[in-house]
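We did not get these values from a lab; they are worked out from the coordinates using the rules stated. Since we're looking at a predicted model, the values are computed, not measured. Note: ideal-geometry Cβ built from the backbone for every residue, glycine included; neighbour counts use all protein chains shown.
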């Protein structure tokens, strides 16, 4: 499999398969700073990014917003004074899809 | 008391008094769309704003960021695809200060 950062998100429909255990095992080491969290039965990738001030935090949030718009896949972000917590998962399939690992890797690149 | 939207945030130090019950009773009707939520013993003002798409959501988040920087008082924002949940409280005094009501009113104006 090529690098996650070089992959593009694919259109994901209701009923598309969740990432398999084997896929997660392959992809997770490529994004070691992301934690898989399960909330209300839905797995998501979560990473907290720290900054020096609010301006830097908001600038990062906008950069994530830009790649989200480019790829047509959007995260949930908790924006605080000096941090942003980014969560990727796929609403339509209530869990993790390859798209989420791709977006986590692209977020790491920012 | 003048309108909340015309007031400026004041520097708030550790030990400053929390908003009193009387003040909250006076200010809350001026920001009727905000709910007072208590999380881990800390009261905060919370309102969910809805939008048509992510671009609009992010644009609103940036506008809130701008008034936050102007006033030197910052919210926590949960940014989702078509909504932003804004929470105002004062970390230094672990609860609600006049500043939070002022910022909620200014957020409503955006």
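Listed peptides A:73-86, B:57-70, A:50-63 appear in the order A:73-86, B:57-70, A:50-63 once ranked by packing, highest mean of other Cβ atoms within 10 Å at the front.
Once both axes come from the Cα atoms, what is the angle between helix B:54-71 and the longest principal axis of chain B, in degrees from 0 to 90, rounded to 10? Roughly 30 degrees, rounded to the nearest 10.
More than 32 angstrom separation, counting every C-alpha pair in the protein assembly as shown; what % is that? Within the protein assembly as shown, distances greater than 32 Å cover 27 percent of Cα pairs.
Helix A:98-109 and the long axis of chain A differ in direction by around 30°, with both axes built from C-alpha atoms.
Per q in 0.12, 0.13, 0.23 Å⁻¹, report the Debye log10 I(q)/I(0) for chain A, using one uniform scatterer on each alpha carbon and no solvent. Rounded to two decimals, the profile gives -0.39, -0.45, -1.36.
The distance linking the range B:1-38 with the range A:29-105 is 33 Å (Cα centroid to Cα centroid, whole angstrom). The length gained by stretching the chain between residue B:16 and residue B:110 to full extension, at 0.36 nm per residue less their Cα-Cα distance, is 31.0 nm. Computed from label points 7 Å out along Cα-Cβ, the spacing between residue B:71 and residue B:40 is 2.3 nm.
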